[in-house]
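Data block below; observations after.
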Amino acid sequence: MTQEYQDSISRLSGKTCFVGIGSQKAGTSWLGNYFSKHPEICFSPIKELHYFDWRFSPENCGGWHQEFCRRLRKVERRLSEDGEPGVKRMVNLLRKRLEMADCPDAYLEYFEQVVRPKHKAFGEISPSYSMMPAAGFTSMKRMLPNPKLIWMLRNPADRYWSQLRFTMRRKEGFSAEDQFMKKLNDPQFVWRTDYARTMNHLFSEFNRDEVLVIFYEQLFLGDHRDDEVRRITDFLGVSNKAANFEKHINVSDEMVLDAKLRQKAVRRFAHVYRAVAEYFGDIPESWQEDLRFLEGGS
């Protein structure tokens, strides 16, 4: 670790560093929007930095360097046209993100550009971090100043179905139902749903009290949503701020999952239901219903 990086850590000391590690289609966009409006939280202007997964899971996330290059070219064209301060700021942030390819120090230097004295916490959310091997979490633990992780879980069958619908709606002529069985063997879909795999990698490096687990069903569908929000703010050491649950972001098209297809998904992710139930104990009712189906063998 270089002296420059040590200096960055020193300048950011006293603030909570957090990373949202997923899961996709489990409410991370909503949470990022909540963080961006919280006066005591500096949320990354680039919501998904994709630094750690780009390094440690290139088979699934290797294209992000090229994507940020494309974004930078696009924003630089805007800068030459209007020169607005906000556009110039985004150019600088994208350049700093691209520097991370050769200089890991740039990760904290990126946040130094946006963190202000009023902020008590700073961080980002990249849902595909949940697909990383253990080495990714090891690097995260060693590189960041006492990081706290937020992991959002959603019923495996529902999460898989939501991702499938979200992906297929962008492809003309494709049917989510037609792709249902095929994608049950696609790592981009399976690994995002394989919480058991993530748990093995994550908790080999992080202690349980360093990771806040939020169930989608309890945050968005339960009767104690405000209590879940308070758990998040307490975990980050910031004041509690009322949340807007009416605002939905990146929502998949509504489509009821056929009961027989759901059973196939539940069977495919049986080990996930059982691992999460064993580790966390108190799981949402829809998870319990699917577990009862597995135990009954129907």
Selection from the range 118-138 of residues that are in contact with a strand residue (DSSP E or B) (Cβ under 8 Å, 6 or more places away or on another chain), of a type in the set (D, E, K, R) and assigned to a loop (DSSP other than H, G, I, E, B): Lys120
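Are there any helices (runs of 4 or more DSSP H) wholly within the range 1-100 with 3 or more residues that are free of Cβ contacts under 8 Å to residues at least 12 places away in the same chain, and if so which? Break it down stepwise before answering.
Details: elements: 3-11, 28-36, 52-56, 58-61, 64-82, 85-99.
So the answer is 3-11, 64-82, 85-99.
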Residue in the range 195-209 that is farther than 21 Å from Met132 by Cβ, assigned by TED's automatic domain parsing to the domain that holds Ser286, surrounded by 19 or more Cβ atoms within 10 Å (Cβ to Cβ) and of a type in the set (A, V, I, L, M, F, W, C) present: no
Some residue of the range 174-189 being aliphatic (A, V, I, L, M), surrounded by 17 or more Cβ atoms within 10 Å (Cβ to Cβ), assigned to a helix (DSSP H, G or I) and modelled with pLDDT under 90: yes
Flag for Asp158 being of a type outside the set (S, T, N, Q) and free of Cβ contacts under 8 Å to residues at least 12 places away in the same chain: no
Unmet criterion (only one of (1) farther than 15 Å from Ser162 by Cα; (2) surrounded by fewer than 19 Cβ atoms within 10 Å (Cβ to Cβ); (3) in contact (Cβ under 8 Å) with a residue 40 or more places away in the chain) for Leu236: (2)
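Condition check ((1) touching a strand residue (DSSP E or B) at 6+ places or on another chain (Cβ under 7 Å); (2) surrounded by fewer than 17 Cβ atoms within 10 Å (Cβ to Cβ); (3) at pLDDT below 95; (4) over 30 Å from Asn185 (Cα atoms)) across all residues:
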| position | (1), (2), (3), (4) |
| --- | --- |
| Ile41 | yes, no, no, yes |
| Asn60 | no, yes, yes, no |
| Glu81 | no, yes, yes, yes |
| Pro85 | no, yes, yes, yes |
| Lys88 | no, yes, yes, yes |
| Asp102 | no, yes, yes, yes |
| Met140 | yes, no, no, no |
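Which count do you get for residues in the range 103-152 that are aromatic (Phe, Trp, Tyr) and more than 16 Å from the chain's Cα centre (by Cα)?
Within the range 103-152, the subset aromatic (Phe, Trp, Tyr) is 107, 110-111, 122, 129, 137, 151.
Pick out the ones that are also more than 16 Å from the chain's Cα centre (by Cα) and you get 107, 110-111.
Summing the residues that are aromatic (Phe, Trp, Tyr) and more than 16 Å from the chain's Cα centre (by Cα) in the range 103-152 gives 3.
The values are calculated or read from the model by the stated rules, or taken from the named source; none is laboratory data. In this text the structure is predicted, and so the values were computed from the model without any measurement. Note that each Cβ is placed from the backbone with ideal geometry, even for glycine, and that neighbours are counted across all protein chains shown.
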